[in-house]
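J.: The structure follows.
Just so it is clear, none of the values below were taken in a lab; they were calculated from the coordinates. Values in this document were obtained by computation on a predicted structure and should not be read as measured data. Methodologically, a virtual Cβ is constructed for each residue, glycine included, from the backbone with ideal geometry; neighbour enumeration extends over all protein chains shown.
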Ligand code: GFB
């Protein structure tokens with residue numbers, strides 16, 4: 001009898017622990033289905049805040065890659081790119097792989113799997129189909145959930161509530177409408193977060209540290225190929241970006257543009273030159289930084305044209321101009337973190353990630369950065385803008401973070 005009890009004990013304990021987790025925690029799960037890495041990370045930070053405000057554990061989905069020539073997105077497990085442990089300083093997390101293999105059967109039985117989306121929509125296959133979340137329709141939606149063998153039994157539309165749960169009234173509505181006891185898992189067809197990222201959530205970047213492998217590869221590359229001081233530059237100039245930049249409008253933010261124009265355009269309007277700087281601007285801005293730092297080398301990260309021959313010609317081979325031999329976006333970003341100075345693309349969210357890593361990480365050794373094509377102009381000091389900035393600071397403080405002083409970016413210490 002005793003023996004049977006001892007044999008069964010771990011199973012009962014397992015039940016109790018899983019049951020306990022179920023009741024106490026609640027989970028948020030989502031598909032980072034919009035855009036590529038930089039876009040995905042921005043909505044990731046917002047979703048992390050969403051989960052924290054609702055006091056639910058965030059299930060860390062993998063990132064989605066879109067390999068050239070492949071019809072379907074592929075998944076890259078979260079912990080291959082970032083470490084999991086440091087995230088726990090901000091809030092509870094579990095990887096999707098661990099959640100699916102250890103908890104899902106208990107807290108998210110197949111027949112109870114509901115998917116949350118803003119509002120029902122028509123199917124791409126025509127009006128004959130019912131309107132619904134269409135959560136698995138198309139790429140990357142289908143491949144993402146299929147990878148974990150997830151199907152949904154029902155849809156939930158949450159558009160009336162919105163997802164600004166930093167507002168206590170909105171959070172209270174979520175808690176009332178979807179209590180953890182009835183909805184242990186909130187699974188979203190795409191991130192319940194704003195894009196571009198809300199200013200008050202930028203600081204969450206500090207909890208995202210590169211995986212040991214990414215960090216090691218970046219450090220090895222720097223040690224072998226780059227002499228310090230070195231300037232890191234991001235040249236975003238592929239065909240998709242060139243086309244996108246046609247749509248820049250000086251009155252609206254465009255992808256990550258707020259990082260250089262300021263949230264309230266206090267540093268100037270978005271321009272096409274900031275989106276796709278000309279070769280002469282790139283060379284002029286780079287020369288100025290190389291001179292200022294007395295840099296000995298330059299690291300070029302790009303999705304398309306690395307401008308190696310033009311840059312070598314511009315510097316007359318006086319300094320080393322280097323790129324990585326293989327195209328790994330994560331290692332490239334980690335190398336940019338290690339640069340003595342970074343010149344970023346104002347509007348690319350890929351650049352935005354590198355900038356946030358420098359601005360917000362309390363441990364970052366290298367902080368200085370600038371943007372290609374950004375004229376140094378006086379800060380717009382209209383009273384209305386100063387008030388808006390104060391409001392943003394207040395929101396950020398409530399969200400648990402703080403914007404570092406703006407002068408870090410542009411050296412306008414005395415202006416505000
Ligand atoms: O990261 P991301 O969302 O930034 O998408 P944007 C750009 C992708 O291009 C990256 C590759 O995730 C990388 O796969 N890429 C860009 C790079 N720059 C580099 C680089 O320096 N090195 C390497 N190795 N890869 C948005 C898209 O891009 O552009 C939107 O997310 C849309 O969906 C828009 O397509 C036009 O914000 O720059």
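J.: Over 10 Å intervals from 0, what percent of Cα-Cα pairs in segment 148-211 sits in each interval?
T.: Pairs per bin, as whole percents: 15, 41, 33, 11.
J.: What angle do you read, to the nearest 10 degrees and between 0 and 90, between the alpha-carbon axis of helix 2-24 and the longest principal axis of the chain?
T.: Approximately 60 degrees, to the nearest ten.
J.: Further question: Sort 114, 227 so that the residue with the fewest other Cβ atoms within 10 Å of its own Cβ comes first and the one with the most comes last. Kindly include the intermediate steps, with their values, before the conclusion.
T.: Values: 114 17, 227 12.
By the 10 Å Cβ count, ascending, the order reads 227, 114.
J.: A further question on this structure: Would you calculate, for the chain, the mean residue ellipticity at 222 nm contributed by helices, counting each DSSP H stretch of 4 or more residues as -39,500 (n - 2.57) and dividing by all residues, to the nearest 500? Don't jump to the answer; show the numbers that get you there.
T.: Working: 16 runs with 158 residues, N = 416.
Theoretical 222 nm ellipticity from helices: -11000 deg cm²/dmol.
J.: Compute the angle between helix 37-53 and the longest alpha-carbon principal axis of the chain, please, reported from 0 to 90 degrees and rounded to the nearest 10.
T.: That works out to roughly 50 degrees.
J.: Under a point spin-label approximation (7 Å from Cα along Cα-to-Cβ), what is the residue 175-residue 195 distance to one decimal in nm?
T.: Placing both labels 7 Å beyond Cα along the Cβ direction yields 3.0 nm.
J.: Extending each Cα 7 Å along its Cβ direction at residue 393 and residue 95, get the distance between those two points in nm, one decimal.
T.: Label at residue 393, label at residue 95, 4.1 nm between them.
J.: Tell me, what does the Kirkwood hydrodynamic radius of segment 159-252 come to in angstroms if you use every pair of distinct C-alpha atoms? Display every interim value, and only then the final one.
T.: On the way: mean 1/r = 0.0536 Å⁻¹.
It is 18.6 Å.
J.: Follow-up. Under 1.5 on a/c is rounded, so check that first for segment 38-80, then, if it is not, pick prolate when a/b is larger than b/c and oblate when it is not; a ≥ b ≥ c are the square roots of the alpha carbon gyration tensor eigenvalues. Mind showing how you got there, number by number?
T.: Working: a/c = 3.44, a/b = 2.39, b/c = 1.44.
Since a/c reaches 1.5 and a/b is larger than b/c, the shape of segment 38-80 is classed as prolate.
J.: Here's something else I'd like to know. Test of understanding: ordering 279, 247, 91, 234 by Cβ neighbours within 10 Å, fewest first, what list do you get?
T.: Values: 279 14, 247 10, 91 18, 234 26.
Ascending number of Cβ neighbours within 10 Å: 247, 279, 91, 234.
J.: Report, largest value first, the span of the C-alpha coordinates of the chain along each principal axis, in whole Å.
T.: Sorted largest first, the three principal extents are 82, 51, 46 Å.
J.: Another one. Multiplying the sequence separation of residue 291 and residue 228 by 0.36 nm and subtracting their Cα-Cα distance, what value in nm do you get? Could you put the intermediate results ahead of the total?
T.: Values: separation 63, 0.36 × 63 = 22.68 nm, distance 1.33 nm.
My answer for the length gained is 21.4 nm.
J.: To continue, here is another question. When each pair of different Cα atoms in segment 86-134 is counted once in the 1/r mean, what is the Kirkwood radius in angstroms, to one decimal?
T.: On the way: mean 1/r = 0.0718 Å⁻¹.
The Cα-based Kirkwood calculation yields 13.9 Å.
J.: While we're on this one: Roughly what angle does helix 212-225 make with the longest principal axis of the chain, taking Cα atoms, 0 to 90 degrees, to the nearest 10?
T.: The helix 212-225 is inclined about 10 degrees to the chain.
J.: Sort the following peptides by mean Cβ neighbour count (other Cβ atoms within 10 Å, averaged over residues), highest first: 218-225, 339-346, 198-205, 132-139. Working shown, then result.
T.: Details: 218-225: 15.2, 339-346: 25.6, 198-205: 22.6, 132-139: 17.8.
Going by the mean number of other Cβ atoms within 10 Å, highest first, we get 339-346, 198-205, 132-139, 218-225.
J.: Another one. Per residue, what volume in Å³ does the Cα convex hull of segment 192-304 take up?
T.: Values: hull volume 18.1 nm³, N = 113.
Enclosed volume per residue, from the Cα hull, is 161 Å³.
J.: Under a point spin-label approximation (7 Å from Cα along Cα-to-Cβ), what is the residue 367-residue 318 distance to one decimal in nm?
T.: 3.0 nm
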